[in-house]
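Novice: The structure is given below, and queries will be raised subsequently.
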Amino acid sequence: MGPDIGPILSEWPFEPGRISVRIVQTADGEPRIQVRLDLGILQMHVDGRPDGQRPDGFESLLEMHTSEIDASREGDVPGEPVESDVRLSPEDCRALREEAVQYYHRYVALLVVNDFERVVRDTTRNLRVLDLCRDYGREPSDRAAMEQFRPYIMIMRSRALASLLVQLDEPKAAILALDEGLDTLRGFYQEHGIASGFDESAEVQMLRGMREALMPKLPVSQSAELRSRLQKAIEQENYELAAILRDELRQAKG
């Protein structure tokens, strides 16, 4: 029987309603990220696969299957459409979904400790899983199973990227990252025939809230750029864009 972890749990009590996260060092000096749960502690590697496994020598199942698909495309002419013979079985897709859950737990924990760079890495990685299952899943149910999570992962990525850029004192780049996230979300809503719900979605409201909070941090020179864009929008009779730019100018001045 293994040792009792009761003393460790007592030293780090669970707090309901709060995500408690900490970084610890192993005996070998390797970092691990821990999350305190009501029934124990979840511990993960901060790099590589969260559980530390390397399936068939690859960093993850995602990398393994991507390598197989890339190998099946050897000899394809660049720029021409291709159709790989590789198809992911229901078992493959299930394993990929389970692996993605590991990364989900980690990027939520990393966000708590403001490790935005790794959050961007892990959310980008999970979006690749969605793409892989959508494009290569054998069964329609597997191709669609994870699409419902795409908006959430997209907003997490945009939020982390913008926060990382703010840390680097790049508010303009952060706003551009948020705009890109909003555009990508809008495309998702349009593609799925739910464009009417875009403005009211929680994901959109969160990104717009971050964007508004960043506007006062723009340098003074940004106002001149906004005025130039506003004038061009009016000349082109793009009144919707002009209204948005007027709002940005007011916020920048405030």
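The values are calculated or read from the model by the stated rules, or taken from the named source; none is laboratory data. Note that the structure is predicted; figures quoted are calculated from it, not measured. Cβ sites come from the backbone with ideal geometry, for glycine too, and all protein chains shown count toward neighbours. What goes into the accessible areas is simple: the full protein's heavy atoms, side chains included, and nothing from ligands, DNA or RNA. Shrake-Rupley method; radii C 1.70, N 1.55, O 1.52, S 1.80 Å.
Novice: Counting only residues that are surrounded by 15 or more Cβ atoms within 10 Å (Cβ to Cβ) and among the aliphatic types (A, V, I, L, M), how many does segment 13-41 have?
Specialist: Number of matching residues: 4.
Novice: In contact (Cβ under 8 Å) with a residue 12 or more places away in the chain, open to solvent by 50 Å² or more (accessible area, probe 1.4 Å) and of a type in the set (A, V, I, L, M, F, W, C): does that describe Leu127?
Specialist: Values: in contact (Cβ under 8 Å) with a residue 12 or more places away in the chain: yes; open to solvent by 50 Å² or more (accessible area, probe 1.4 Å): no; of a type in the set (A, V, I, L, M, F, W, C): yes.
No; evaluated as a whole, the condition is false for this residue.
Novice: From the list Leu132, Leu96, which one is over 23 Å from Leu42 (Cβ atoms) and either crowded, with 22+ Cβ neighbours inside 10 Å or touching a helix residue (DSSP H, G or I) at 6+ places or on another chain (Cβ under 7 Å) (or both)? Full working, then the answer.
Specialist: On the way: Leu96 fails: over 23 Å from Leu42 (Cβ atoms).
Within the list Leu132, Leu96, the selection yields Leu132.
Novice: While we're here: Can you work out which of the residues in segment 207-254 that are part of a helix (DSSP H, G or I) and acidic (Asp, Glu) is modelled with the highest pLDDT? Quick ask: steps written out before the conclusion?
Specialist: Taking segment 207-254 and keeping what is part of a helix (DSSP H, G or I), we get 207-217, 220-235, 239-253.
This time we only want the ones that are acidic (Asp, Glu), so: 212, 225, 235, 240, 247-248.
Details: Glu212: 85, Glu225: 68, Glu235: 78, Glu240: 75, Asp247: 73, Glu248: 71.
Residue satisfying both the conditions and the ranking: Glu212.
Novice: Next question, about the same structure. Might you check whether a residue that is of a type in the set (Lys, Arg), more than 15 Å from Gly48 (Cα to Cα) and either open to solvent by 30 Å² or more (accessible area, probe 1.4 Å) or touching a strand residue (DSSP E or B) at 6+ places or on another chain (Cβ under 9 Å) (or both) occurs anywhere in segment 148-155? Break it down stepwise before answering.
Specialist: Narrowing segment 148-155 to residues of a type in the set (Lys, Arg): 150.
Adding the requirement that they be more than 15 Å from Gly48 (Cα to Cα) leaves 150.
Okay, now just the ones that are also either open to solvent by 30 Å² or more (accessible area, probe 1.4 Å) or touching a strand residue (DSSP E or B) at 6+ places or on another chain (Cβ under 9 Å) (or both), so none.
No, that holds for no residue.
Novice: List every residue pair whose Cβ atoms sit under 8 Å apart, with the two residues 6 or more apart in sequence or on different chains, where the first one lies in segment 64-88 and is polar (S, T, N, Q) and the second, anywhere, is assigned to a loop (DSSP other than H, G, I, E, B) and at pLDDT 85 or above.
Specialist: Ser67/Phe58
A quick yes/no check of all residues on (1) among the aliphatic types (A, V, I, L, M); (2) touching a strand residue (DSSP E or B) at 6+ places or on another chain (Cβ under 7 Å); (3) more than 30 Å from Ile19 (Cβ to Cβ); (4) at pLDDT 90 or above:
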{"site": "Met64", "(1), (2), (3), (4)": "yes, no, yes, yes"}
{"site": "Val86", "(1), (2), (3), (4)": "yes, no, yes, no"}
{"site": "Val101", "(1), (2), (3), (4)": "yes, no, no, yes"}
{"site": "Val112", "(1), (2), (3), (4)": "yes, yes, no, yes"}
{"site": "Asp115", "(1), (2), (3), (4)": "no, no, no, yes"}
{"site": "Asp122", "(1), (2), (3), (4)": "no, no, no, yes"}
{"site": "Asn126", "(1), (2), (3), (4)": "no, no, no, yes"}
{"site": "Val129", "(1), (2), (3), (4)": "yes, no, no, yes"}
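Novice: Within segment 103-135, how many residues turn out to be aliphatic (A, V, I, L, M) and farther than 24 Å from Cys93 by Cα? Before you say what the answer is, go through the steps one by one.
Specialist: Residues of segment 103-135 aliphatic (A, V, I, L, M): 108-113, 119-120, 127, 129-130, 132.
Applying the additional criterion that residues be farther than 24 Å from Cys93 by Cα yields 109-113.
Residues that pass the stated criteria total 5.
Novice: Restricting attention to segment 172-206, which residues are of a type in the set (S, T, N, Q) and either exposed (fewer than 15 other Cβ atoms within 10 Å of the Cβ) or in a loop (DSSP other than H, G, I, E, B) (or both)? It would help to see each step written out before you state the result.
Specialist: We begin by selecting, within segment 172-206, every residue of a type in the set (S, T, N, Q); these are 184, 190, 196, 201, 205.
Across segment 172-206, the qualifying residues are Gln190, Ser196, Ser201, Gln205.
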